[in-house]
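A short worksheet on the structure shown next.
The values are calculated or read from the model by the stated rules, or taken from the named source; none is laboratory data. Keep in mind that this is a model prediction, so the values were computed, not measured. As a convention, Cβ positions derive from the backbone with ideal geometry for all residues, glycine included, and neighbour counts pool all protein chains shown.
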Amino acid sequence: MATETLVAPTGRGQRPRPGSRRLRALTRSTPLVPAVVLLGVFLLGPILWALYGSMTNTGLTGYRAAKPEFVGLDNYTALLSDGDFWKSAWLTVVFVFLSAVVGQNVLGMALAVMLRIAPKPLASVVSTLVVVAWVMPEIVAAFALYAFFSTDGTLNAFLGWFGLGKTTWLITFPLLSVILANIWRGTAFSMMVYRAALSEVPAEVDEAAQIDGAAGWQRFSRITLPMIRRSISTNLMLTTLQTLAVFTLIWVMTGGGPGTQSSTLPVLAYQEAFKFSQVGYGTAIATVTILVGAVFSVIYIKVLKPEVD
Amino acid sequence: MTTLDTTPVAPASRAPSGSGTRSRHRGAGMPTVASPRRSTGRLLSSLVLVLVAVSFVVPLAWILLSSVDPAATVSVGVPSSITADNFKAVLTKDQTFLPLWNSLVISLGTALITVVVGVLAAYPLSRYRMRFQRGFLYTILFATCLPITAIMVPVYSLFVKLSLLDSTPGVILFLAASSLPMAIWMLKNFMDSVPVSLEEAAWVDGASSMRALGRIVLPLMRPGLAVVLMLVFTQAWGNFFVPFILTTSAEKQPAAVAIYQFFGTYGSIAYGKLAAFSILYSVPVLVLYLLTQRLSGGANALAGGMKG
């Protein structure tokens with residue numbers, strides 16, 4: 001700390017004096033140490049461990065748990081020829097696309113726009129309800145939605161008023177149910193991001209277009225949307241990655257079933273590891289999932305080039 | 001938060017063109033040609049919003065109504081009589097207090113560690129220019145995006161190897177590490193908006209950088225700190241998957257896992273108790289969210305921390 005007080009640092013962008021440069025750089029980066037250690041042990045650690053673990057035949061209990069063997073890429077070759085895996089990968093794509101990219105984003109944007117037009121009391125009731133669904137613990141939301149979709153649940157009771165018979169939503173349409181559930185649960189995030197983005201669009205631009213005779217939809221699609229495109233792409237990416245990791249909602253509502261009809265990749269990884277005791281195989285699925293996430297993250301960073309200084 | 005039924009919606013939607021809210025952006029002195037169209041737009045969006053409100057309120061109402069219903073089912077319905085028995089039944093040490101206490105320990109521990117470590121890391125990243133800075137920040141951003149819950153299987157086997165399974169500190173440290181990237185990123189952005197000139201004055205007066213951080217920067221970014229603290233706490237409080245995998249003994253399990261075990265065992269017969277416990281478990285984070293909103297201007301502060 002002594003060097004800090006002798007040469008008052010004047011903040012960003014200034015070149016340090018040559019002599020004490022190395023020492024200063026060291027002192028300055030000391031506060032980063034706890035973060036680096038924590039991230040290294042508990043985040044990088046599991047990822048590296050996953051790479052290694054996916055190349056073993058580790059079991060959950062018994063001999064294979066104590067003495068796993070190195071099996072190279074066997075798990076991955078098994079994975080690639082496993083129908084369940086490809087089915088699960090496809091379910092994941094559908095789940096993420098329909099519930100995050102389409103559902104949460106479109107509904108979130110629609111809500112953000114409508115909340116600006118609607119009468120204030122109504123707007124605040126709606127936004128409160130949407131946000132409550134998002135703030136409450138995921139497992140509580142999952143139970144509430146399980147009840148909503150279950151055979152004797154509210155949805156069927158409601159449809160019964162119109163003379164429609166009971167549908168076993170969670171068994172006949174498990175993926176649709178969890179997609180709708182995830183939209184219910186997660187739309188608040190997109191709504192808040194888009195509300196903030198819309199409030200930063202200057203009203204003058206819109207007014208100018210209005211004077212020029214642009215209709216409401218034209219103004220929205222040609223002016224407002226392009227002006228908030230950064231928020232849109234950021235939000236698309238974040239909701240995609242959040243949805244890729246969804247486990248609790250699916251696990252509570254359908255358990256991935258019936259069979260593997262709604263097992264997205266995180267659920268499948270769990271089932272393989274803890275139901276079928278194939279920890280090595282489950283780890284390989286986890287590794288693939290995190291790789292998919294990594295690819296998305298890189299695309300996101302490359303395309304959006306967030307400022308990092 | 002307690003009046004979650006639809007009654008307040010109806011009177012509001014009946015007055016789509018009334019009230020004084022229209023003057024928000026377009027000046028009130030400009031009731032242009034577009035006026036009639038705008039009021040149809042208003043009516044339409046009000047109708048859609050009422051529908052949205054109903055579909056969001058129904059699952060929430062199920063929890064509220066079932067919790068006071070002596071004969072709750074999976075379907076939402078007005079209870080024939082109101083009872084506090086469900087709450088009384090779950091308000092025991094094993095059922096509620098111990099799991100909630102465990103949740104509190106885990107969430108508070110996670111939030112405090114994350115914010116302290118995050119602030120320490122954000123300070124040099126915000127105030128100095130270091131050689132590895134860009135790389136470090138890109139790594140942080142990258143880690144923010146990774147679907148961490150997807151790797152719980154390898155985390156489990158790593159924790160077995162490290163003998164950290166079924167240890168509360170283990171859960172806390174993992175949760176802290178997984179929320180750290182987002183926290184560092186947000187804290188750095190909040191810190192960037194605190195002008196550096198104030199610290200320069202302190203430096204000239206001989207204060208060390210850590211002193212300047214504690215006495216000048218942190219007090220000025222209190223709303224940002226509150227937002228991050230709330231966010232991390234809420235995430236940890238609501239996290240089911242991590243403690244579900246990493247804790248095995250009942251007396252260490254937080255509420256999220258306890259409620260799942262409870263439902264698995266008695267769920268099909270005890271919806272009322274499930275709902276009552278859900279409320280006891282949800283209310284703390286809902287209150288916390290409201291408090292943070294008051295403190296920080298809510299959504300905009302969140303968005304500010306996530307810029308870029």
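Observations on the model:
- Qualifying residue in region A:109-129 (condition: within 25 Å of the chain's Cα centre (by Cα), more than 9 Å from chain B (Cβ to nearest Cβ), farther than 25 Å from residue B:244 by Cβ and crowded, with 24+ Cβ neighbours inside 10 Å): yes
- Considering region B:170-277, the qualifying helices (runs of 4 or more DSSP H), each wholly inside and each with 3 or more residues that are over 30 Å from residue A:272 (Cα atoms), run over B:197-204, B:209-212, B:222-238.
- Here the condition is being without any contact (Cβ under 8 Å) to a residue 40 or more places away in the chain, basic (Lys, Arg), within 7 Å of chain A (Cβ to nearest Cβ) and in a helix (DSSP H, G or I); of B:134, B:129, it holds for B:134 alone.
- Output for region A:43-55, where each listed residue is crowded, with 22+ Cβ neighbours inside 10 Å and of a type outside the set (Gly, Ala, Ser): A:46
- Being on the phi < 0 side of the Ramachandran plot, surrounded by 14 or more Cβ atoms within 10 Å (Cβ to Cβ) and part of a helix (DSSP H, G or I) is a property that holds for residue A:178.
- Filtered by the rule that a residue be under 22 Å from the mean Cα position of the chain (by Cα) and either facing chain A (nearest Cβ under 7 Å) or surrounded by fewer than 19 Cβ atoms within 10 Å (Cβ to Cβ) (or both), region B:53-63 gives B:53, B:55, B:56, B:57, B:58, B:59, B:60, B:62, B:63.
- Some residue of region B:75-96 being among the small types (Gly, Ala, Ser), within 9 Å of chain A (Cβ to nearest Cβ), touching a residue at least 60 places away in the same chain (Cβ under 8 Å) and crowded, with 18+ Cβ neighbours inside 10 Å: no
- Residue count for region B:157-169 under the criterion of being assigned to a helix (DSSP H, G or I) and either modelled with pLDDT of 90 or more or of a type outside the set (Ser, Thr, Tyr) (or both): the result is 6.
- Yes/no for residue A:248 being of a type in the set (Val, Ile, Thr), more than 11 Å from every other protein chain (Cβ to nearest Cβ) and within 19 Å of residue B:239 (Cβ to Cβ): no
- Failed condition for residue B:286, given (1) at pLDDT 85 or above; (2) in contact with a Leu (Cβ under 9 Å, 6 or more places away or on another chain): (2)
- When restricted to residues that are within 14 Å of another protein chain (Cβ to nearest Cβ) and more than 17 Å from the chain's Cα centre (by Cα), region A:255-267 contains 2.
- Qualifying residue in region A:64-74 (condition: away from every other protein chain (no Cβ under 13 Å), assigned to a helix (DSSP H, G or I) and surrounded by 14 or more Cβ atoms within 10 Å (Cβ to Cβ)): yes
- Test for residue B:111: is it at pLDDT 90 or above, buried (at least 20 other Cβ atoms within 10 Å of the Cβ) and either under 30 Å from residue B:167 (Cβ atoms) or not assigned by TED's automatic domain parsing to the domain that holds residue B:182 (or both): yes
- Scanning region A:134-186 for residues that are in contact with a Gly (Cβ under 9 Å, 6 or more places away or on another chain), hydroxyl-bearing (Ser, Thr, Tyr) and at pLDDT 90 or above turns up just one, A:146.
- Hits in region A:162-197 - residues which are in contact (Cβ under 8 Å) with a residue 40 or more places away in the chain and farther than 30 Å from residue A:234 by Cα: A:170, A:171
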